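Q: Take this structure first; my questions come after.
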Amino acid sequence: MQITTIGLDLAKNVFQVHGIDHEGKVGVRRSLRRSEVVDYFGKLPSCLVGIEACATAHHWAREIGRFGHTVRLMPPAYVKPYVKRNKNDMADAEAICEAVTRPNMRFVAVKTAAQQSVLMLHRCRALLVRQRTMLANAIRAHLAEFGIAMPQGIRTLLMALNAPKDAVNNLPELVRIALTPMTASLIELGQRIKALEIEIAREHRGNETSRRLETIPGFGVMTSTAMAATVTDPTAFKSGREFAAWLGLTPRESSWGGKQRLGGITKMGDGYLRTLLVVGATAVIRFAREEGSAKTAWIRKLMERKPAKVVAVALANKMARIAWALMARGEVYRVIPA
């Protein structure tokens, strides 16, 4: 039997395979150990392979694609409706095999190893920043127990901790002994974050797409590199509005009876990228208040009617649509005369 379509359910050690022929008849239904996956697909004639876009999916898509197979990644939420009754590995593989053949199914572009490497830099940096924030908050809370209210800012906190003993209300010696390793960890985390930011900046200088994205107001090195590494194929989106909706920057709709009801943003898609866009939009709004030029009149008029955070999300939506246009057309940002 000639297998034309395969649904592969990924796992840590045991993978499930469900294959059908061109008539839809089941031709293979078996389990594979992790060490057997490459050999199995290497001996198999070229076919369509469907995989859920979950952990390790991009790695296995690249490995299986080396043998001439057409690999399609799908969001797990779009595969779930095809699962029949009880959920298990065999049912999941069958659902994947069914979903990958649907003409209206949406697929996830396979990322290269280089793109995943850049995103790992961002993820590791974000984790270290969270750890540094947690550590700084803990130090502030301990100092507050002795009536010391520290001003905001990591740098200000470090300056106060490194000050002479009498400068910080003459803390007990045991308190200083307890805070010493926490202060050292805070300094070390800052150094590690700086090292990762240097690597991200080096990647930015060598990436043509990232440099073009940086020309957009509100886009810095972090946002540009994250956007270039996350969006593998911008042409997969029909328009900039679809791209902004994919990032979760559009209102959540709950309409019935011919009445349209819109709520807050959906917050779907990549939360890290959406956060960077909103932070960049906030910076643009701050400068728009001070600048007062004609090109920022749209922002100022919107600020008169809406809260600042709502305007920031609206501007982030606009920035996302501009970014899609630049990536899809290979252009740089051009300021439109007011």
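The values are calculated or read from the model by the stated rules, or taken from the named source; none is laboratory data. Quantities reported herein were computed from a predicted structural model and do not represent experimental measurements. When we count neighbours, we look across all protein chains shown, and the Cβ atoms used for this are built from the backbone with ideal geometry, even at glycine. We work out accessible area using only protein heavy atoms, side chains counted, and drop any ligands, DNA or RNA first. Shrake-Rupley method; radii C 1.70, N 1.55, O 1.52, S 1.80 Å.
Q: Strictly over 28 Å apart at the Cα level, which of LYS238/LYS301; LYS267/LYS301; LYS259/LYS306; LYS12/LYS194 would you flag in this model? Present the calculation step by step, with values, prior to reporting the outcome.
A: Numbers: LYS238/LYS301 30 Å; LYS267/LYS301 26 Å; LYS259/LYS306 23 Å; LYS12/LYS194 34 Å.
Table pairs above 28 Å Cα-Cα are LYS238/LYS301; LYS12/LYS194.
Q: When the helices in the chain are scored as -39500 (n - 2.57) per DSSP H run of 4 or longer and the sum is shared across all residues, what 222 nm value do you end up with, to the nearest 500 deg cm²/dmol?
A: Details: 13 runs with 179 residues, N = 338.
Value at 222 nm, helices only, nearest 500: -17000 deg cm²/dmol.
Q: Take the Cα gyration tensor of the range 136-239, multiply each eigenvalue by 5, square-root it, and list the three semi-axes largest first, rounded to whole angstrom. Working shown, then result.
A: Working: eigenvalues 370, 37, 26 Å².
They are 43, 14, 11 Å, listed largest first.
Q: Which cross-chain or sequence-distant (5 or more) residues have an amide H under 5 Å from the amide H of VAL49, H modelled 1.01 Å from N in plane?
A: For VAL49, the qualifying residues are ILE6, THR70, VAL71, ARG72.
Q: May I ask you to evaluate 6.51 cos²θ - 1.76 cosθ + 1.60, the Karplus curve with θ = phi - 60°, for each residue of the range 315-327 and list the ³J(HN,Hα) values in order in whole Hz, giving x for glycine and proline?
A: Result, rounded to whole Hz: 5, 4, 4, 5, 5, 5, 5, 5, 4, 4, 4, 5, 6.
Q: Right, another one. Can you pull the Rg over Rh of the range 94-168, Cα-only, Kirkwood?
A: Looking at the range 94-168, the ratio lands at 1.40.
Q: Between ARG155 and ARG205, what is the label-point separation in nm under the 7 Å Cα-to-beta-carbon projection?
A: Output for this residue pair reads 2.3 nm.
Q: In percent, what relative contact order does the chain have, based on Cα pairs under 8 Å that are 6 or more apart in sequence? Walk me through the intermediate numbers first.
A: On the way: 436 pairs, mean separation 39.4, N = 338.
Result for the chain is 12 percent.
Q: OK, next. May I ask you to give the solvent-accessible area per residue for the range 205-338, in square angstrom, as obtained with a 1.4 angstrom probe? Can you show the working numbers first?
A: Working: 7730 Å² over 134 residues.
Heavy-atom SASA per residue in the range 205-338 reads 58 Å².
Q: Within straight cross-link reach of LYS25, meaning Cα distance under 26 Å, which lysines are found once same-chain residues fewer than 8 apart are removed?
A: Correct list for LYS25: LYS43, LYS80, LYS84, LYS87.
Q: Next question. Through the Karplus equation 6.51 cos²θ - 1.76 cosθ + 1.60, θ set to phi - 60°, convert the phi angles of the range 274-285 into ³J(HN,Hα) values in whole Hz; use x for Gly and Pro.
A: Couplings: 5, 4, 4, 5, 5, 5, x, 5, 4, 5, 5, 5 Hz.
Q: Counting only DSSP beta bridges with both residues in the chain, what percent are antiparallel, rounded to the nearest 5?
A: Numbers: 16 of 25 bridges.
For the chain, the DSSP antiparallel bridge percentage is about 65.
Q: Work from the charge dipole of the range 191-330 (Cβ charges, +1 for Lys and Arg, -1 for Asp and Glu, about the Cα centre) and give the residue of TRP256, ALA325, LEU196 farthest towards its positive end.
A: Working it through, the farthest residue towards the positive pole turns out to be TRP256.
Q: Could you run the Debye sum over the Cα atoms of the range 31-101, one equal point scatterer each and no solvent, and tell me log10 of I(q)/I(0) at q = 0.12, 0.16, 0.17 Å⁻¹, two decimals?
A: -0.31, -0.56, -0.64
Q: State, in angstrom, two size descriptors of the chain derived from its alpha carbons: Rg to one decimal place and Dmax to the nearest whole number.
A: In order Rg, Dmax, the Cα atoms of the chain give 25.5, 84 Å.
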